[in-house]
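S.K.: I have a structure I would like to understand better, so I am pasting it below and will then ask my questions one at a time.
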(Lines give C-alpha, C1' and ligand atoms only; values in the text may rest on other atoms or scores of the structure.)
Protein backbone atom coordinates (compact mmCIF):
# COMPACT_ATOMS: atom_id res chain seq x y z
CA UNK A 1 0.00 0.00 0.00
CA UNK A 2 1.39 3.37 -0.99
CA UNK A 3 1.31 6.11 1.65
CA UNK A 4 0.54 9.69 0.81
CA UNK A 5 3.25 11.99 2.17
CA UNK A 6 0.91 14.95 2.28
CA UNK A 7 -1.61 13.00 4.36
CA UNK A 8 1.14 12.00 6.80
CA UNK A 9 2.27 15.62 7.16
CA UNK A 10 -1.30 16.78 7.75
CA UNK A 11 -1.87 14.06 10.33
CA UNK A 12 1.37 14.97 12.13
CA UNK A 13 0.41 18.65 12.14
CA UNK A 14 -2.98 17.88 13.70
CA UNK A 15 -1.32 15.62 16.26
CA UNK A 16 1.22 18.29 17.23
CA UNK A 17 -1.52 20.94 17.54
CA UNK A 18 -3.40 18.68 19.97
CA UNK A 19 -0.21 18.15 21.96
CA UNK A 20 0.47 21.90 22.06
CA UNK A 21 -3.03 22.54 23.39
CA UNK A 22 -2.42 19.91 26.06
CA UNK A 23 0.97 21.37 27.07
CA UNK A 24 -0.22 24.99 27.14
CA UNK A 25 -3.84 24.74 28.38
CA UNK A 26 -4.37 28.40 29.28
CA UNK A 27 -2.68 29.84 26.23
CA UNK A 28 -5.33 30.94 23.68
CA UNK A 29 -3.15 30.44 20.59
CA UNK A 30 -1.45 27.21 21.64
CA UNK A 31 -1.77 25.62 18.19
CA UNK A 32 0.63 28.22 16.82
CA UNK A 33 3.32 26.70 19.06
CA UNK A 34 2.95 23.27 17.44
CA UNK A 35 6.15 23.69 15.41
CA UNK A 36 8.18 24.63 18.50
CA UNK A 37 7.16 22.36 21.36
CA UNK A 38 10.45 22.60 23.22
CA UNK A 39 9.58 24.42 26.41
CA UNK A 40 13.08 25.62 27.29
CA UNK A 41 16.69 25.69 26.17
CA UNK A 42 18.34 24.81 29.47
CA UNK A 43 21.46 22.68 29.66
CA UNK A 44 19.45 19.50 30.28
CA UNK A 45 17.08 20.00 27.34
CA UNK A 46 19.40 21.68 24.86
CA UNK A 47 22.04 20.39 22.49
CA UNK A 48 25.32 19.64 24.32
CA UNK A 49 27.30 21.04 21.40
CA UNK A 50 25.71 24.43 21.97
CA UNK A 51 25.74 24.37 25.77
CA UNK A 52 29.12 22.81 26.61
CA UNK A 53 30.96 22.69 23.26
CA UNK A 54 30.73 18.92 23.66
CA UNK A 55 29.86 16.24 21.10
CA UNK A 56 26.44 14.62 21.04
CA UNK A 57 25.98 10.97 22.01
CA UNK A 58 25.57 9.97 18.36
CA UNK A 59 28.80 11.74 17.41
CA UNK A 60 30.65 10.00 20.25
CA UNK A 61 29.36 6.62 19.05
CA UNK A 62 30.50 7.36 15.51
CA UNK A 63 33.95 8.39 16.77
CA UNK A 64 34.27 5.06 18.60
CA UNK A 65 33.27 3.14 15.47
CA UNK A 66 35.79 5.10 13.44
CA UNK A 67 38.57 4.37 15.94
CA UNK A 68 37.79 0.65 15.86
CA UNK A 69 37.64 0.63 12.08
CA UNK A 70 40.94 2.46 11.77
CA UNK A 71 42.88 -0.24 13.66
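The values are calculated or read from the model by the stated rules, or taken from the named source; none is laboratory data. The shown structure was predicted, so the numbers you read here are calculated from the model rather than taken from an experiment. Note that each Cβ is placed from the backbone with ideal geometry, even for glycine, and that neighbours are counted across all protein chains shown.
S.K.: Suppose we keep only residues that are touching a residue at least 12 places away in the same chain (Cβ under 8 Å) and in contact with a helix residue (DSSP H, G or I) (Cβ under 6 Å, 6 or more places away or on another chain) within the range 14-26. Which one would you say is surrounded by the most Cβ atoms within 10 Å (Cβ to Cβ)? If you could, list the steps in order and put the result at the bottom.
M.R.: Of the range 14-26, the ones touching a residue at least 12 places away in the same chain (Cβ under 8 Å) are 16-17, 19-20, 23.
From what's left, in contact with a helix residue (DSSP H, G or I) (Cβ under 6 Å, 6 or more places away or on another chain): 17, 20.
On the way: 17: 16, 20: 19.
Step by step, filter the range 14-26, then rank; the result is 20.
S.K.: State whether the residues of the range 27-38 include one that is at pLDDT below 80, surrounded by 11 or more Cβ atoms within 10 Å (Cβ to Cβ) and touching a helix residue (DSSP H, G or I) at 6+ places or on another chain (Cβ under 7 Å).
M.R.: Our first condition is that a residue be at pLDDT below 80; within the range 27-38, this holds for 36-38.
Checking the rest, the ones that are also surrounded by 11 or more Cβ atoms within 10 Å (Cβ to Cβ) come to 37.
Filter once more, so that each one left must be touching a helix residue (DSSP H, G or I) at 6+ places or on another chain (Cβ under 7 Å): 37.
Taking every residue of the range 27-38 in turn, at least one turns out to be at pLDDT below 80, surrounded by 11 or more Cβ atoms within 10 Å (Cβ to Cβ) and touching a helix residue (DSSP H, G or I) at 6+ places or on another chain (Cβ under 7 Å).
S.K.: Let me ask something additional. Against the definition (surrounded by fewer than 11 Cβ atoms within 10 Å (Cβ to Cβ), touching a helix residue (DSSP H, G or I) at 6+ places or on another chain (Cβ under 8 Å), at negative phi and not in a helix (DSSP H, G or I)), how does residue 54 come out, yes or no?
M.R.: Values: surrounded by fewer than 11 Cβ atoms within 10 Å (Cβ to Cβ): no; touching a helix residue (DSSP H, G or I) at 6+ places or on another chain (Cβ under 8 Å): yes; at negative phi: yes; not in a helix (DSSP H, G or I): yes.
Spelling it out, it is not the case that residue 54 is surrounded by fewer than 11 Cβ atoms within 10 Å (Cβ to Cβ), touching a helix residue (DSSP H, G or I) at 6+ places or on another chain (Cβ under 8 Å), at negative phi and not in a helix (DSSP H, G or I).
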